[in-house]
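Worksheet for the structure shown next.
The values are calculated or read from the model by the stated rules, or taken from the named source; none is laboratory data. What you see is a predicted model; the values in this text were computed from it and never measured. Glycine also receives a Cβ, built like all others from the backbone with ideal geometry; neighbour counts cover every protein chain displayed.
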Amino acid sequence: MTERYAAAGVRLDAAEDAKRRIADLVRATRTPLAVGHIGAFGGMVRVPEGYRKPVLVMSTDGVGTKVLVATAAGVHDTVGEDLVNHSVNDILVHGARPIAFLDYIATGSLVPEMAAGIVTGIARACRAHEMTLAGGETAQLPDLYEPGHYDLAGTIVGVVEEDEALHGDRVRPGDVLIGYASNGLHTNGYTLARRIVFEELKLNVRDRFPETNRSVADVLLAVHRSYAEVVTPVLKRVHALAHVTGGGIAGNLVRVLPEGCQAVVDAGGWPWPPVFRVLTRAGKVSVDEMRRVFNLGVGMIAVVARDDVDAVVQAADRAKVPAWLIGEVHAGKTGVRFSER
């Protein structure tokens, strides 16, 4: 039966090899909250002590077609790191501390070295956030994926005090918007970016990316920045946070605005990184579409009271993440608009 299964495209020996490689990586992420055995059917973590009324915050996401760039470059650890950092940011928006992570890798034909590379990045990011990699799944699906291709997703679990969780209800007219610098495309807009870079500019991953001294692979695989170190020290000063992912600044900032609050974003309040200038020019992409598809250099936005701006920006400086005052909240119809200078 095993021979027939292998002939159908599923190699059980490769799965066992991958599990052995991954087990050591998982073991290195275990924190004092971890419970149970590595390789069990479910992952377990304790809720940290000291919470009065803890609430679990959970999120599931992937890295999209960025994995196609990773495959072309033969570099797989960075998308693993992307996956964790993206997820950390999603629960950070609610003020939550990450405590556990689970990953899912689906591929046509499992290559143990590739799977280990992906999990190396996942484990590295988990250790950076003192979070347990509690489990995961590696699926071989030859009828769904072409050889050498894979998809990557993950689920994060965090915790926050119920009365300290951020929902956006604290936002008021007069608040200001602090934009934190992204590290490039992060994990959104790759379907369009790949078409422009590889089909219209006809570059390959080893070529120099225009307006930079970096390769195409280095620019497109730049790791999705985690904002935990930047934001956590000043969470009590923050009225709301918006993680700028698919949908851009407007599509994500609107999600944390209460009724009667309109965010006015200064369109010239920060510099566009070279990657976005190249994409808009080479792809003939309008500014409006660029704003809907990409983060344009702002990966997270904090909404804070004007009196707290200095403290929030100083925390960003300490974490060595550029931050800019990029707008303010007005009374008006709920939404986001850009003001041109």
Which condition does Q262 not pass, out of (1) touching a Ser or Thr at 6+ places or on another chain (Cβ under 6 Å); (2) assigned to a strand (DSSP E or B), if it passes all the others?
-> (1)
All positions within the range 126-173 that are assigned to a strand (DSSP E or B), more than 16 Å from M58 (Cβ to Cβ) and not acidic (D, E) | T138, A139, Q140, Y150, L152
Restricting attention to the range 181-199, does a residue exist that is assigned to a strand (DSSP E or B) and modelled with pLDDT of 95 or more?
-> yes
Considering the range 146-181 alone, what residues qualify as being out of contact with any Lys or Arg (no Cβ under 6 Å at 6 or more places or on another chain), closer than 25 Å to E130 by Cα and small (G, A, S)?
-> A153, G154, A165, A181
Would you please name the residue that is surrounded by the fewest Cβ atoms within 10 Å (Cβ to Cβ), looking only at residues in the range 1-38 that are part of a loop (DSSP other than H, G, I, E, B) and modelled with pLDDT under 75?
-> M1
Identify, from the list A242, A222, A263, A228, the residue that is aliphatic (A, V, I, L, M), buried (at least 17 other Cβ atoms within 10 Å of the Cβ), in contact with a strand residue (DSSP E or B) (Cβ under 9 Å, 6 or more places away or on another chain) and over 22 Å from V329 (Cα atoms).
-> A228
Any chance the range 155-163 includes a residue that's in contact with a helix residue (DSSP H, G or I) (Cβ under 6 Å, 6 or more places away or on another chain) and either surrounded by 20 or more Cβ atoms within 10 Å (Cβ to Cβ) or modelled with pLDDT under 95 (or both)?
-> yes
Quick one: would you say R195 is closer than 23 Å to A323 by Cβ and of a type in the set (K, R)?
-> no
